[in-house]
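As structure tokens, the structure follows; a few thoughts come after it.
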Amino acid sequence: MNRRDAIKATALAALATRAVAQDVPRAPGLTVRMAEPQNLESAFGDLTSVVTPNEQFFIRSHFAVPKVDPKSYRLMVEGAVENPLELTLEDIQAMPSVTMPLTLECAGNGRVFLVPASRGLQWQFGAVGNAEWTGVPLAAILDKAKAKASAVEVILVGADKGIIAGDHPTPGPIAFDRSIAIEKAKKPEVILAYKQNGEALSISHGFPLRAVIGGWYGMASVKWLSRIIVTEKPYDSFWQTFDYATYERRDGGLATLVPITAMLPKAQIVRPLIGEVVPAGKAYTIRGSAWAGEAAVGKVEVSLDGGKIWIEAKLVGEAKPFCWQMWTFTWDVPNAAGPAKLICRCTDAAGKGQPEKRDPDRRTYAINHLVPVEVTIR
Ligand SMILES: Nc1nc2c(c(=O)[nH]1)N[C@H]1C(S)=C(S)[C@@H](COP(=O)(O)O)O[C@H]1N2
Ligand SMILES: [Mo]
């Protein structure tokens, strides 16, 4: 192949990948944070129901979408198990299914608000979504495989692969993978899903099968799931250490990187948008959503004076763990033109709230400090 042919071949390959990735017509509101691999932010301000429509759901992919043929697809279950499995899609779909609403937030959601600016995708409010996921509990698969009592973690491996460049490039292509503690793996909110909001999973969201780890940040919900490895020691791959880990412990002054797990409590304002013009002297209904990882939302409060006075918002519907809750707040907008600052915060059912300031030990992940929405009254 000469140089020109090589360039042409690369361009064609890129086009082919793109054609695969764009399997679902996307809503016009999605913001492209990266074109390839596909990283699209949902228009959080367009949210009108507790479920995020599939074509509005954010997409976070580290590598090009892998081609998975549903006919030859096999899910391998191996490692510390007495009965290794090789399951077809039909085998999995023949098992008793569950459907549950689970919220997924990317650990980098809100990164654009970090000061000083940091590397990584500059998500605003829209790297979060809520869907009704249908699939089989991971616990049922682990039972079938007879996971050993010595098991400590379950590694979930995606079919996608690539090289992460940068200061410390990975040793060749690596798969996207992530482990979860065996105790979590056996919980009912951990499922292997093949449907999202009643529709077959789309290619971008992990067709034909993905994990959904209810209550945890998105990185654990491995898409295009190809292998499950039960292990007897903690896994420390690239995705557990370089990426998606925070300095959680400072034992005797030593900082230890710990893989991120549960989502921290967070409330976000759906409307008004940052910079929106709000009519003076009228009531405005502030709308938002709030979630608290493995806990249910306890309360949401709003401050109109920069954080001095907090007033409770009205929660809509039932508070459930693993699932966000919508809220509203009636704001009597002053009859005077000028800027206004709206701040919201969530406290979970156990009383855990949001920090006012950013903790740098969290690197560029798990961003839940208070972020004001500045609007203009006119
Ligand atoms: N195989 C695979 N699974 C993956 C990823 C990935 O790049 N590859 N990204 C993870 C991250 S960081 C997030 S936030 C969620 C996003 O899921 P979504 O694209 O369906 O919104 O998928 C997770 N699962
Ligand atoms: Mo993520």
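The values are calculated or read from the model by the stated rules, or taken from the named source; none is laboratory data. Note that the structure is predicted; figures quoted are calculated from it, not measured. Using ideal geometry, Cβ is built from the backbone for each residue, glycine included, and neighbour counts are taken over all protein chains shown. The accessibility values were calculated without ligands, DNA or RNA, using every heavy atom of the protein model including side chains. Shrake-Rupley method; radii C 1.70, N 1.55, O 1.52, S 1.80 Å.
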Within the range 106-137, tally of residues that are away from ligand 2 (no atom under 15 Å from the Cβ) and open to solvent by 40 Å² or more (accessible area, probe 1.4 Å)
5
Can you tell me which residue among 269, 260 is out of contact with any Asp or Glu (no Cβ under 7 Å at 6 or more places or on another chain), at negative phi and within 16 Å of ligand 2 (Cβ to nearest atom)?
260
Among the numbered criteria (1) buried (at least 22 other Cβ atoms within 10 Å of the Cβ); (2) on the phi < 0 side of the Ramachandran plot; (3) of a type outside the set (Val, Ile, Thr); (4) within 16 Å of ligand 2 (Cβ to nearest atom), which one does residue 193 miss?
(4)
Among residues of the range 138-190, those that are open to solvent by less than 30 Å² (accessible area, probe 1.4 Å), of a type in the set (A, V, I, L, M), out of contact with any Ser or Thr (no Cβ under 6 Å at 6 or more places or on another chain) and closer than 12 Å to residue 220 by Cβ, counted:
6
Restrict the check to the range 315-326 and report whether at least one residue is part of a strand (DSSP E or B), over 25 Å from residue 260 (Cβ atoms) and in contact with a Phe, Trp or Tyr (Cβ under 7 Å, 6 or more places away or on another chain).
yes
Kindly state which strands (runs of 3 or more DSSP E) lie completely within the range 152-202 and contain at least 3 residues that are under 16 Å from residue 261 (Cα atoms).
153-162, 174-181
Please enumerate the residues belonging to the range 344-353 that are surrounded by fewer than 20 Cβ atoms within 10 Å (Cβ to Cβ) and among the hydrophobic types (A, V, I, L, M, F, W, C).
349, 350
Wholly within the range 217-275, which strands (runs of 3 or more DSSP E) include no fewer than the required count, namely at least 3 residues that are modelled with pLDDT under 95 and open to solvent by 20 Å² or more (accessible area, probe 1.4 Å)?
245-251, 254-259
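Residue-by-condition table, conditions (1) over 21 Å from the mean Cα position of the chain (by Cα); (2) open to solvent by less than 50 Å² (accessible area, probe 1.4 Å):
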position: 302; (1), (2): yes, yes
position: 316; (1), (2): yes, no
position: 340; (1), (2): yes, yes
position: 364; (1), (2): no, yes
Hey, among 298, 281, 307, 288, which residue is assigned to a loop (DSSP other than H, G, I, E, B), touching a residue at least 12 places away in the same chain (Cβ under 8 Å) and touching a strand residue (DSSP E or B) at 6+ places or on another chain (Cβ under 8 Å)?
307
Output for the range 99-118, where each listed residue is assigned to a loop (DSSP other than H, G, I, E, B) and either assigned by TED's automatic domain parsing to the domain that holds residue 317 or touching a residue at least 40 places away in the same chain (Cβ under 8 Å) (or both):
106, 107, 108, 109, 110, 114, 115, 118
Keeping to the range 72-98, report how many residues are outside any strand (DSSP E or B) and open to solvent by 80 Å² or more (accessible area, probe 1.4 Å).
7
